[in-house]
Structure formats: C-alpha cells, structure tokens
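Step one of this worksheet: look at the structure below.
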Amino acid sequence: MGFSLLIRSIFLTLLFSLVQSRSYTSPPNIKLPGDSLTLSVTDFGATGDGINYDTSAIQSTIDACNRHYTSSSSICRVTFPSGNYLTAKLHLRSGVVLDVTESAVILGGPRIEDYPAETSSEWYVVVANNATDVGITGGGAIDGQGSKFVVRFDEKKNVMVSWNQTGACLGDECRPRLVGFVDSRNAEIWNITLREPAYWCLDIVRCENTSVHDVSILGDFNTPNNDGIDIEDSNNTVITRCHIDTGDDAICPKTYTGPLYNLTATDSWIRTKSSAIKLGSASWFDFKGLVFDNITIFESHRGLGMQIRDGGNVSDITFSNINISTRYYDPSWWGRAEPIYITTCPRDSSAKEGSISNLLFVNITINSENGVFLSGSPNGLLSDIKFKNMNITLRRWSNYSAGLVDYRPGCQGLVNHSATTGIIMEHVNGFSVENVNLNWSDDDDLNSAWNVPLQFRPSTVNNVSFVGFNSRLLHKFV
C-alpha cells in the first residue's frame, strides 16, 4: 500500500471510529450465511419473454427457497437466466437472495392491479417485509418501466400518472416504488442496476444492518419523486461505490417513526435534479452519527442539504472529501443551485422547530452558481458548524435571477436577497472557518450579481470565527 493510501486508510478508520463512539448501536457487518441451494425461476415456469407475467413462477421459486432456509438456516439463491421477466409485486422472503444474472431484467408491471389493494406506501415491485438475511445481486437489472407512468413528457419536469382518481391514494405520488426493505435485518444489495423507477427507487424502512454497494441507480432526470436511495428510521446502513443518476433526491435519510443512527455513504458518484444528499424533509425524530466521504456530486440542482421541518434534531454529521458542482435547472424543482443548504424551520404552524449541531465539512471543493445557505430558526438554531479546507468557486452557468434563496417546503418560499452571496447565515450560534477560499468569477456584472462574500446579522448570528478565510476575484482569461 502506498504512503498516501495508508494515510487515507488511517484517516477513514479514525473518522469512522469517532462517529461510532458517539452512536447507540453497532456498525453493520453483513455476512449472509453460506449458499447451499440455487433454484431457477425457469424451472418453476417463468418464460422471461417480457410479455407474459411471470409473477406466480417467480414467487413460487422465492417461497421454495424460503422453506429451504427455514429448515436449514442456509441462504438459497433464486436465479434469473437471460430474459425479461415481467412481474407484479414480488415478496422477497427471509434467507433468499435474488440472483439477477447480467443478461436478465426484472420488469415491474405498469398497471394498478399489479400492486395488491394495500396502502400506496406498500406498493413495490420487489419488497422484503419483516425479513432476515436477504439480498439482491447478479449483475442484471430491475426496471420499473417508469416511462409508462408519464402522462406528458416535459423537458423541465414530466407530468406523471396519478392513481388517486381510483381512490387508491391521495395526491400525485400514487406510483409504485421499485425495491423496498421494510422492518428487515441483514440485507445486502450489490452488483445490480436499479433503473427507471416510477417513484422512489430503493427504499430502506425501519431496517437494521443494511449494506448497499456497487449498485447503479438510473432514474429519469425529468421525473419527480424519482429518489435514488431513501433511508427511513433505519440504523447501521452502509452505502459505498454507488452510481446514482436520477431526477430527485439521490441519498435521502428521513425520520418518520423513529431516530436514524449510523449511516455511512462513501466512494460514490451522484447527479440529480434535486439534492444529492438531503436529510429530511420528513424529520420527526433525530439524526445522529452520519458520515459522507469521498463523493462526487456532478451538475446537481443542490448539493448537501438538510430540511429539518418537523421537530427532530440533527447532530454529529461529517462531510469529507467531496467534490460538488451545482447548477440551476428550473424553478419547478426545489433549490437554486445551493452547494450546501442547511435549514431548520417549522413545516407549518403546528410543527416544532428542530436543531442542527456539530457539523463538520472538511476537504470540500465547490463549483456552483449559488452560494452556501445556513439558516436556522429562532427556536431551531444551527450550532457548532465547522468549514475546514474548502475551495468555493462561484461561476454563472445558466441564466436566472441572482439572489433568490429557496426555503421550500414551508418557511418563506422563495426570498430575494438581491445578490448572490458566498455564504448566508441566520440563526446560527457557533460557526468556524479554517482555511477556506471563496473565488468569484467575473463573467457577470459584479455590481448586481456577485458582490456579497458574506451576509449575516449579529442579532441572529453569534460566536463566529474565521481563520484563513480568503475571498478573491477570478479574472477570465481570453
């Protein structure tokens, strides 16, 4: 191992150990029991022709594998040979690994009758519910056929089908998720492509010990609610070496019914028309002990975000070794190209104000059309935030009005601050800067768009420290 790699390995080990020392539960250690049996879906009658539904054959294979696991405590693989396997909702059982081979595709059905008459939150193409020792792998793909849910294609934001007219659900988000792990333990998803979800792609709900690695998530860039990975009320989750290219939030921890601890995401590439990493906006309970390291965020609408709207608190979060480029796409999507967006405010008059504390941003490189936005609320302060070893370059890529800040959802909506600001702060107690360079492009009129490096009022911002903060103009060379 080279010296630089050794130093990096030591750094990551110390960083992970530090976070775990603050946490409540042990880190993930996914080691599924050894394989002892492989069953092919074609032996149970699946055709793989992409026209006829193979749901019954696939589910029968899964159930047979589960019976083997129950009797032997050994993992059983359900293998998909070359083909396109059209299916309605599938239930992944304990002790079963779906082995979708490289030339095989599981196709989610596009009809409402493909998803049983349950609540819309239980609509998935593949779901493991109350399962243990489960996995998905094989090098192939699971495809939600999301294009079949588009009512009207739009270059800015597609209009999607809504099944609320049937009375099955409310609102415009009545579409099936692609893959879900719900109330499950010891789940592993690796070497698989998840593509074209109609709604959220990979949903991890109230789970313990989940590993997601070497996964490609390919959504439609113009489809709303096309989230990459949503982690809800789950502990001990590791995401690494993933490629996420999608229309909505890429990695999105949420707390609906309980706290979320010990999430680590590393070595990944992200492009999205919304937030690359976002805590919230569902935030009724606490987030604690999260690490995001060695991540590239490419031309996304927003970079690192927190939308704390429901009274939960955030603490002990580290963002390290991250390259961020953000650009403005369209006002129909939340965000104005903010590379870092940290906010607390009540969702509505009945919501509580949560707090955010102890955030570390270290070794961050930013190229953006907008500045950093740090906005607490009177009873939901941001505290103990540190920026260390950061390079921020502000440069215009698109044509939009300068100075708009997006507080949505809730809060104040879009607010005009007149000029693009390098760092905006409000309701902050404890902000320190160490070795931060703020670079300004002179591509535009400096007097109207790019002339405010820092903006804060002492009445709402306290305990600020700047050591090695530099602001300079980058001249364009022809």
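Only one of the listed residues (A131, A141) is touching a residue at least 24 places away in the same chain (Cβ under 8 Å), surrounded by fewer than 22 Cβ atoms within 10 Å (Cβ to Cβ), in the same structural domain as I58 (by TED's automatic domain parsing) and in contact with a strand residue (DSSP E or B) (Cβ under 8 Å, 6 or more places away or on another chain). That residue is A141. Can you tell me which residue in region 39-87 is farthest from A104 (Cα to Cα), limited to those that are among the acidic types (D, E) and not in a loop (DSSP other than H, G, I, E, B)? Filtering first and then ranking leaves D63.
Residues in region 127-175 that are farther than 23 Å from V78 by Cα and in a loop (DSSP other than H, G, I, E, B): 17 in all. Evaluated against (1) within 15 Å of A198 (Cα to Cα); (2) touching a strand residue (DSSP E or B) at 6+ places or on another chain (Cβ under 8 Å); (3) modelled with pLDDT of 95 or more, R152 falls short on exactly one condition, (3).
Residues in region 203-233 that are under 14 Å from F181 (Cβ atoms), free of Cβ contacts under 8 Å to residues at least 40 places away in the same chain and either out of contact with any Gly (no Cβ under 7 Å at 6 or more places or on another chain) or not aliphatic (A, V, I, L, M) (or both): I204, C207, V212, V215, I229, D230, I231. For the residues G312, G410, the requirement of being outside any strand (DSSP E or B) and at positive phi singles out G410. Within region 83-106, the set of residues being under 14 Å from T137 (Cβ atoms) and among the β-branched types (V, I, T) comprises V96, V97, V100, T101, I106. Checking each residue in region 234-263 for being more than 17 Å from R177 (Cβ to Cβ), surrounded by fewer than 24 Cβ atoms within 10 Å (Cβ to Cβ) and out of contact with any Pro (no Cβ under 8 Å at 6 or more places or on another chain) picks out T240, R241, H243, D245, T257, G258, P259, Y261.
The residues of region 108-128 that are buried (at least 20 other Cβ atoms within 10 Å of the Cβ) and under 23 Å from the mean Cα position of the chain (by Cα), listed by number, are G108, W123, Y124, V125, V126, V127, A128.
Candidates in region 435-478 are the residues that are modelled with pLDDT under 90 and hydroxyl-bearing (S, T, Y); of these, the one that is surrounded by the most Cβ atoms within 10 Å (Cβ to Cβ) is S441.
Scan region 100-112 and tell me whether some residue there is assigned to a helix (DSSP H, G or I), within 16 Å of T87 (Cβ to Cβ) and either in contact with a helix residue (DSSP H, G or I) (Cβ under 7 Å, 6 or more places away or on another chain) or of a type outside the set (G, A, S) (or both). Yes: region 100-112 contains one or more residues that are assigned to a helix (DSSP H, G or I), within 16 Å of T87 (Cβ to Cβ) and either in contact with a helix residue (DSSP H, G or I) (Cβ under 7 Å, 6 or more places away or on another chain) or of a type outside the set (G, A, S) (or both).
On the given criteria, is P197 farther than 27 Å from S315 by Cα, in contact (Cβ under 8 Å) with a residue 40 or more places away in the chain and buried (at least 24 other Cβ atoms within 10 Å of the Cβ)? It is true that P197 is farther than 27 Å from S315 by Cα, in contact (Cβ under 8 Å) with a residue 40 or more places away in the chain and buried (at least 24 other Cβ atoms within 10 Å of the Cβ). S349 fulfils the conditions (1) within 18 Å of N416 (Cα to Cα); (2) part of a loop (DSSP other than H, G, I, E, B) except for a single criterion, (1).
The values are calculated or read from the model by the stated rules, or taken from the named source; none is laboratory data. Model, not experiment: these values are computed from the prediction. Here the Cβ is made from the backbone with ideal geometry for all residues, glycine too, and neighbour counts use every protein chain on show.
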